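Contents: one structure, followed by commentary.
The values are calculated or read from the model by the stated rules, or taken from the named source; none is laboratory data. Just so you know, these numbers come straight off a predicted model, no measurement behind them. Cβ sites come from the backbone with ideal geometry, for glycine too, and all protein chains shown count toward neighbours. Protein only, heavy atoms only, side chains kept; ligands, DNA and RNA dropped before computing areas. Shrake-Rupley method; radii C 1.70, N 1.55, O 1.52, S 1.80 Å.
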Amino acid sequence: MGRVHAFDVLGDPVRRRILELLAAGEQASGEVSAVIRDEFGISQPAVSQHLKVLRESGFASVRADGTRRLYAVETAPLRQVDAWLERFRGFWDQRLDALGTELARGKRERRAQGEVSEDE
């Protein structure tokens, strides 16, 4: 799966919510549909289309259990997305380190002025 395609799949709020539901564990399509219909006000066939996109793109798997269809998250595409995002984490780390430095500097200055207790 291409990275752009993964973001196309994840760009839809309904599909992201379905993945969030499946992250809690395998769920029947009827259970997923009921939650999504309530939260997004879309029809059962529309929910089924989102489940199909997730299945065909590799983000979810399905298995039959009698008359029920049970869906589960597939982690491989999510690992691909995470690997793509990894190259950008350094930007966050640098900014968070700089913020930590500034917060510590401000705390030291307030402490020096007697505005901050030692246990803060």
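Could you do me a favour and compute the accessible area per residue for the chain, 1.4 Å probe, result in Å²? Spell out each step's value before the answer.
Numbers: 7990 Å² over 120 residues.
Using a 1.4 Å probe on heavy atoms only, each residue of the chain averages 67 Å².
Can you compute the helix-only [θ] at 222 nm over the chain? Use -39500 (n - 2.57) per DSSP H run of at least 4 residues, normalise by all residues, nearest 500 deg cm²/dmol. Walk me through the numbers on the way to the answer.
Values: 5 runs with 82 residues, N = 120.
So the helix-based figure for the chain works out to -23000 deg cm²/dmol.
Roughly how many percent of the accessible protein surface of the chain is carbon and sulfur, given a 1.4 Å probe and a whole-percent answer? Please report the intermediate quantities before stating the final value.
Details: 4150 of 7990 Å².
The computed percentage sits at 52.
For Val62 and Leu85, FRET efficiency with R0 = 22 Å and r from the beta-carbon atoms, rounded to 0.05?
Values: r = 27 Å, r/R0 = 1.22.
Once the sixth-power term is evaluated, E becomes 0.25.
Taking amide H positions as placed 1.01 Å from N in the peptide plane, with prolines and chain starts having none, which residues 5 or more places from Glu74, or on another chain, fall under 5 Å of its amide H?
Hits under the 5 Å cutoff: Ala60, Ser61.
What do you get when you divide the Cα radius of gyration of the chain by 2.2 N^0.38 Å, with N the number of residues? The partial results should precede the final answer.
Numbers: Rg = 22.1 Å, N = 120, 2.2 N^0.38 = 13.6 Å.
Working it through for the chain, the quotient is 1.63.
Would you be so kind as to identify which of Ser29, Leu99, Gln49 lies farthest towards the positive end of the dipole of the chain, taking Lys and Arg as +1 and Asp and Glu as -1 on Cβ and the Cα centre as origin?
Checked the options; the winner is Gln49.
Please tell me the relative contact order of segment 1-93 in percent, rounded to the nearest whole number, where contacts are Cα pairs under 8 Å and at least six residues apart. Could the numbers behind the result be given before it?
Numbers: 89 pairs, mean separation 29.3, N = 93.
Relative CO of segment 1-93 lands at 32 percent.
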